[in-house]
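> There's a structure below that I have some questions on.
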Amino acid sequence: MRVPTLSRRAALRLMVLGASALVPRGRAVDPPLFEEVPPSASGIRWVHENAMSEERYLPETLGPGCAFLDFDNDGWMDIFFVNSGPCDFYQPKTPLKNALYRNNRDGTFTDVADQAGVARTTAFGMGVAVGDYDNDGYPDLFVTAYGRPTLYHNNGDGTFTDVTEKAGLAIGGWTTSAVWFDYDNDGLLDLFVCSFVEFSLKNNVFCGDNRLGRKYYCIPRVFKPTPSLLFHNNGDGTFTEVSRGTDVARALGKALGVVATDINNDGWMDLFVANDTVQNFLFVNRGQNRWEELGLAAEVAFSANGQARSGMGVDAADFDNDGWQDLFVANVDQEMFSLYRNNGDETFRDDAHVHGIAQATRLLSGWGLKFFDFDNDGLIDLFLANGHPDDMIEMYSTQVKYKEPLLLFRHEGERLRNISHQAGPVFEKMFPARGLAIGDYNNDGRIDVVVGNNGMAPLLLKNNAGRQNHWLGLRLQGTTCNRDAVGARITWSVGGVKRSRLKNNGGSYLSSHDPREVIGLGRATKLDWLEIRWPLPSRRVDRFTDLPLDRYVTIVEGKGIAS
Amino acid sequence: MRLRVLAVWLGGVCVLAQPDSVEATLKRAIELHQAGRLQDAIAGYEQYLSQRPSHFLALSNLGAALASLGRYEEAIRRYREALAAAPGHAGVRLNLALAYYKSAQFEPAVSELESLVAARAGDSRAVLLLADCYLRQGEYRKIIELLAPREADFSQDRAFAYLLGMAYVLDRRTELGQRFIERILGQRPSAEAELLLGSILRMGGDHPGARKHFARAVELNPALPSVHAFYGLALLETGDPEGAARQFRRELEKNPHDFDSNLNLGALLRQERKLEEARPLLEHALRVRPKSPAARYQLAALYADLGRLDEARGMLEALVADVPSFVEAHVTLARVYYRLKRKADGDRQQAIVRKLTAQKEGDTTEANRSEAPPR
């Protein structure tokens, strides 16, 4: 066969025009579904310090978390990144800083952490949970750590105050993910804090190859488990630990991820907790601070082979729109991730194989992840951020890599489908990803993603998907119920098709998300109706018709649309 | 090689009867048998036996004809009837053992062979077949006890070197196994030696190294029994389940009774929720090794997946009684109890799981104060 050759002129033209010369005339090139926004464009130049040492202390490999939040209530999502910091095994030569990037409303950000009073790290920071615990309309921050966590109260003037001691949250140990939710339906956000393992410089163990004298990050199996913590919000700026004597305290775990959701539709928010090397926990809320740990009975605790896995990231959503919250948990390589479909009777079934998730994740280790409708077609999709915890894994595995790719699964009606290879060049890159947060930073109705990378710069991904689809953004504001409206159920109809969404909180890993809900309508140009069932103690149901599209609206409990 | 060792027994099993007018039916059946017209021969033997139901020769030849057609259960019945007529007949007992072996009934095969070897210690074919049965049952120490004292009798036998070398390696006595590898290697490059070397590395936890040797063994002799199974195991252990499944399937094409291939392919299919495809494989694995905790567990878990909860419960209850420290079995039994709405029993199993897990954590913590494996 003769290979066609190009004339010199044609070759030159191709060199000048590059790949665009190959695009058929008259057809525009679609931007990638998710586009990496470089630091030069975003202004985000913060880099995570993982403090990686010869000793390979385990906390080094677990961070960082990140969050989308609107700390100054200007209607634009800002971004917070958690850094490591001083602790018994690490004293940074120069002080390390968290970052709080204020959104400049033009696609760029400015770090205002110093001015805001949240830059200084006093412990080896891990993750962040955002919630308005005092219902003053300004989001507060709870930063977890190996060492003392920090509760930053938002003063409402662009600054925060460390109120940890006063609040009664000056706990020690090693805290990872945390979530704000109202477990007792008193209208105030309470706090669940994941506790990882018993670890300290003094009690550290050697994991490595004695012959080579090389150390690597331990499997958490070698450390003792700990109970996670539930704090009741007393409504006066203080919290009381209420987990003692409950299943929450009895269940010794190695918790890394948590999501607050309502798995049995009884109006009480439950907790799904991912544990590393021990069984996952499903704390079912029976009211009156009675918790029943049902992980094994619900079949979400162990693998199908009865083995505890290395649970890290989690999330919940009604991905199949049957009215019941489904669960997701990411594990390390060879264990595969699980997508637990809710059977509606407090049991679940792992459908990860049905959706190609198990197959796609066999060689991956998953951390940050989120169910969301990235293309606004009305169906819930799934975004996964991955990376192996052991930086030396490639020395003893031929297939598993330290840096791993992102994955995007699109819901195509019946099934989720892995479309990562079509989602943009960033999905061909590899990252040591950990935390992942979602939020619409440019208010275009398409939910963007930020990923915290261990020991590296974070990754901001702009969402270009579903440009032809319509949407409605909801900022819910409780008055009787908690102000963040965590636990609200949003139901709507488009073209006679009814859908609903529960406003869960938490999910992913070490991270916190844009509190607004974006409803995707696909090509439809009208929302038939929308209903908000506010969580207890409110019993109110607000119903709306003739809502605008392609913009955000604020809905206040009992008062309708505020803006 | 193992197949070659066994195949000799299907030849020369039919014995000519003395010509006799009374025996015309039998004579004709034997002629048909020798001519390879097995169905006709079987009909002749059966006709003859309707007249002389306890005739040793007719019974043993009928057994052989049935075995040639793969009708092992019928063959076994006829061999047993023949042995009732002539209990001391070693040839028929060996054929009976072979029929059990071919139908993956290793326990009765072992029983017959052990009595044969006890009576005729020098019967090399019975010895090697018995060792092969032990290998399939995972009874490596019994192979060593059987073969090690006979080393002088089999000094030039590659099958013997392979069986004993493999038994040492799988019993984690790799230094002793090494000697037999050298014996095999000393002759010429061979799949058997590669398989043994790979097994040694695998036992030492060097799965990528083992994988290379198994791949080479497959290249050298894809017909070597269990070669694809070992390669599949190494692929599984190095994170390539699709490749492993392909190897297990190849093994089963030529060696349908391979335990590891049945078990691991069944487990992989179960993991993919191809439950009906997994079922016959796991059932067969359990037939091959009825005592194997892994096979018992996988089949019970499959029955639970299929909603056959009472069967699963019974199997798991027996399993945890036999192997009380089997955490996964307790987990799955708890699941089954919960599904059966036996909450108290489920809670009891869950408490056992917590206790065993805590014990294991403690063990691991202590062990890892010196050294821990990577994830």
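> Search the stretch A:340-356 for residues being open to solvent by less than 10 Å² (accessible area, probe 1.4 Å) and more than 12 Å from every other protein chain (Cβ to nearest Cβ), and hand back the single one that is farthest from residue A:463 (Cα to Cα).
Looking at residues that are open to solvent by less than 10 Å² (accessible area, probe 1.4 Å) and more than 12 Å from every other protein chain (Cβ to nearest Cβ), I get A:342.
> Please find, within the stretch B:316-338, the residue that is farthest from residue A:298 (Cα to Cα) out of those that are more than 12 Å from chain A (Cβ to nearest Cβ) and either surrounded by 23 or more Cβ atoms within 10 Å (Cβ to Cβ) or out of contact with any Leu (no Cβ under 8 Å at 6 or more places or on another chain) (or both).
Within the stretch B:316-338, the subset more than 12 Å from chain A (Cβ to nearest Cβ) is B:317-318, B:321-325.
Still in the list and also either surrounded by 23 or more Cβ atoms within 10 Å (Cβ to Cβ) or out of contact with any Leu (no Cβ under 8 Å at 6 or more places or on another chain) (or both): B:318, B:321-324.
Numbers: B:318: 24, B:321: 25, B:322: 27, B:323: 25, B:324: 24 Å.
Taking the candidates together, the pick is B:322.
> Okay, moving on. So which of A:484, A:550, A:514, A:546 ends up being modelled with pLDDT under 95 and part of a loop (DSSP other than H, G, I, E, B)?
One residue alone meets the criteria, A:546.
> Within the stretch A:389-406, which residues are under 16 Å from residue A:435 (Cβ atoms) and open to solvent by less than 30 Å² (accessible area, probe 1.4 Å)?
Passing the criteria: A:389, A:404, A:406.
> Search the stretch A:481-508 for residues that are within 13 Å of residue A:557 (Cα to Cα) and pair each with any residue that is open to solvent by 10 Å² or more (accessible area, probe 1.4 Å) and among the hydroxyl-bearing types (Ser, Thr, Tyr) when their beta-carbon atoms are under 8 Å apart and the residues are at least 6 apart or on different chains.
A:489/A:500; A:490/A:500
> Looking at the stretch B:41-80, which of its residues are charged (D, E, K, R) and either surrounded by fewer than 20 Cβ atoms within 10 Å (Cβ to Cβ) or modelled with pLDDT under 95 (or both)? Don't jump to the end; show me each part of the working.
Just the residues of the stretch B:41-80 that are charged (D, E, K, R), to begin with: B:46, B:52, B:71, B:73-74, B:77-78, B:80.
If the condition is that a residue be charged (D, E, K, R) and either surrounded by fewer than 20 Cβ atoms within 10 Å (Cβ to Cβ) or modelled with pLDDT under 95 (or both), then B:46, B:52, B:71, B:73, B:74, B:77, B:80 are the ones that fit.
> Go through the stretch B:277-290 and give me each residue that's surrounded by fewer than 21 Cβ atoms within 10 Å (Cβ to Cβ) and touching a residue at least 24 places away in the same chain (Cβ under 8 Å).
As a first pass, look at the stretch B:277-290 and keep what is surrounded by fewer than 21 Cβ atoms within 10 Å (Cβ to Cβ): B:277, B:279-280, B:283, B:287, B:290.
Answer for the stretch B:277-290, where residues must be surrounded by fewer than 21 Cβ atoms within 10 Å (Cβ to Cβ) and touching a residue at least 24 places away in the same chain (Cβ under 8 Å): B:279, B:287, B:290.
> I'm trying to understand the selection: among the residues of the stretch A:209-222, which are more than 7 Å from chain B (Cβ to nearest Cβ) and over 23 Å from the mean Cα position of the chain (by Cα)?
Selection gives A:209, A:211, A:212, A:213, A:214, A:215, A:217.
> List the number of the failed condition for residue A:534; all other conditions in (1) surrounded by fewer than 23 Cβ atoms within 10 Å (Cβ to Cβ); (2) touching a Lys or Arg at 6+ places or on another chain (Cβ under 6 Å) hold.
(1)
> Are any residues in the stretch B:291-311 farther than 22 Å from residue B:258 by Cβ, away from chain A (no Cβ under 12 Å) and open to solvent by less than 40 Å² (accessible area, probe 1.4 Å), and if so, which ones?
B:303, B:309
> Yes or no: the stretch A:400-412 includes at least one residue that is free of Cβ contacts under 8 Å to residues at least 40 places away in the same chain and within 13 Å of chain B (Cβ to nearest Cβ).
yes
> Taking only the stretch B:93-141 into account, find how many residues are surrounded by 16 or more Cβ atoms within 10 Å (Cβ to Cβ), more than 26 Å from residue B:254 (Cα to Cα) and aliphatic (A, V, I, L, M).
2
> Is at least one residue of the stretch A:155-165 within 21 Å of residue A:452 (Cβ to Cβ), out of contact with any His (no Cβ under 8 Å at 6 or more places or on another chain) and open to solvent by 10 Å² or more (accessible area, probe 1.4 Å)?
no
> Open to solvent by less than 10 Å² (accessible area, probe 1.4 Å), hydrophobic (A, V, I, L, M, F, W, C) and either under 20 Å from the mean Cα position of the chain (by Cα) or within 14 Å of another protein chain (Cβ to nearest Cβ) (or both): which single residue out of B:193, B:244, B:217 fits that description?
B:244
> If the requirement is being free of Cβ contacts under 8 Å to residues at least 24 places away in the same chain, surrounded by fewer than 19 Cβ atoms within 10 Å (Cβ to Cβ) and touching a strand residue (DSSP E or B) at 6+ places or on another chain (Cβ under 9 Å), which of these qualifies: A:209, A:236, A:270? Talk me through it step by step, then tell me what you get.
Numbers: A:236 fails: touching a strand residue (DSSP E or B) at 6+ places or on another chain (Cβ under 9 Å); A:270 fails: surrounded by fewer than 19 Cβ atoms within 10 Å (Cβ to Cβ).
The match here is A:209.
> Mind listing whichever residues of the stretch B:196-214 are open to solvent by 40 Å² or more (accessible area, probe 1.4 Å), modelled with pLDDT of 85 or more and away from chain A (no Cβ under 14 Å)?
The one that is open to solvent by 40 Å² or more (accessible area, probe 1.4 Å), modelled with pLDDT of 85 or more and away from chain A (no Cβ under 14 Å): B:213.
> Shifting gears a bit: I need the helices (runs of 4 or more DSSP H) fully contained in the stretch B:78-184, keeping only those with at least 2 residues that are under 29 Å from residue B:295 (Cβ atoms) and polar (S, T, N, Q).
Answer list for the stretch B:78-184: B:106-119.
> Additional query: Quick one: which residue in B:252, B:236, B:269 is within 11 Å of chain A (Cβ to nearest Cβ), open to solvent by 20 Å² or more (accessible area, probe 1.4 Å), part of a helix (DSSP H, G or I) and over 20 Å from residue B:162 (Cα atoms)?
Step by step, each of B:252, B:236, B:269 is checked, and only B:236 is within 11 Å of chain A (Cβ to nearest Cβ), open to solvent by 20 Å² or more (accessible area, probe 1.4 Å), part of a helix (DSSP H, G or I) and over 20 Å from residue B:162 (Cα atoms).
> Go through the stretch A:293-305 and report how many residues are part of a loop (DSSP other than H, G, I, E, B), free of Cβ contacts under 8 Å to residues at least 24 places away in the same chain and crowded, with 22+ Cβ neighbours inside 10 Å. First the steps, then the outcome.
Our first condition is that a residue be part of a loop (DSSP other than H, G, I, E, B); within the stretch A:293-305, this holds for A:294, A:299-305.
Cutting the leftovers down to free of Cβ contacts under 8 Å to residues at least 24 places away in the same chain gives us A:301-302, A:305.
Adding the requirement that they be crowded, with 22+ Cβ neighbours inside 10 Å leaves A:301-302.
Counting residues in the stretch A:293-305 that are part of a loop (DSSP other than H, G, I, E, B), free of Cβ contacts under 8 Å to residues at least 24 places away in the same chain and crowded, with 22+ Cβ neighbours inside 10 Å gives 2.
> Continuing with the same structure: Cβ-Cβ under 8 Å, sequence separation 6+ or interchain: first residue in the stretch B:144-160 and among the basic types (Lys, Arg), partner modelled with pLDDT of 85 or more and crowded, with 18+ Cβ neighbours inside 10 Å. Which pairs?
Once the first residue is among the basic types (Lys, Arg) and sits in the stretch B:144-160, its partners that are modelled with pLDDT of 85 or more and crowded, with 18+ Cβ neighbours inside 10 Å give B:150/B:127; B:150/B:160.
> Please count how many residues of the stretch A:306-339 are open to solvent by 10 Å² or more (accessible area, probe 1.4 Å) and part of a strand (DSSP E or B).
The qualifying residues number 1.
> Let me ask something else about it. It is to be established whether one or more residues within the stretch A:135-144 are of a type in the set (Phe, Trp, Tyr), within 17 Å of residue A:243 (Cβ to Cβ) and touching a Pro at 6+ places or on another chain (Cβ under 8 Å).
yes
> Examine the stretch A:504-524 for a residue that is acidic (Asp, Glu), open to solvent by 20 Å² or more (accessible area, probe 1.4 Å) and more than 18 Å from residue A:68 (Cβ to Cβ), and state whether such a residue exists.
no
> Of all residues in the stretch A:420-464, which are open to solvent by 30 Å² or more (accessible area, probe 1.4 Å), polar (S, T, N, Q) and in a helix (DSSP H, G or I)?
A:422
> Can you tell me which condition residue B:372 does not meet? The list is (1) facing another protein chain (nearest Cβ under 9 Å); (2) open to solvent by less than 60 Å² (accessible area, probe 1.4 Å); (3) at pLDDT 95 or above, and all the others hold.
The one condition residue B:372 does not meet is (3).
> Going by the structure shown, is residue B:347 within 12 Å of chain A (Cβ to nearest Cβ), open to solvent by 50 Å² or more (accessible area, probe 1.4 Å) and out of contact with any Pro (no Cβ under 9 Å at 6 or more places or on another chain)? Lay out the reasoning, then the answer.
Working: within 12 Å of chain A (Cβ to nearest Cβ): yes; open to solvent by 50 Å² or more (accessible area, probe 1.4 Å): yes; out of contact with any Pro (no Cβ under 9 Å at 6 or more places or on another chain): yes.
Yes; evaluated as a whole, the condition is true for this residue.
> Still on this structure, please answer the following. Only one of these conditions is not met by residue B:161: (1) crowded, with 17+ Cβ neighbours inside 10 Å; (2) in the same structural domain as residue B:267 (by TED's automatic domain parsing). Which number is it?
With respect to (1) crowded, with 17+ Cβ neighbours inside 10 Å; (2) in the same structural domain as residue B:267 (by TED's automatic domain parsing), residue B:161 is out only on (2).
> On the phi > 0 side of the Ramachandran plot and more than 9 Å from chain B (Cβ to nearest Cβ): does that describe residue A:253?
No.
The values are calculated or read from the model by the stated rules, or taken from the named source; none is laboratory data. Predicted model, so just to flag it, every value in this text is computed and none were measured. With ideal geometry, Cβ positions are generated from the backbone for all residues, glycine too; neighbour counts draw on all protein chains shown. Keep in mind that these areas ignore ligands, DNA and RNA; they rest on the heavy atoms of the full protein, side chains included. Shrake-Rupley method; radii C 1.70, N 1.55, O 1.52, S 1.80 Å.
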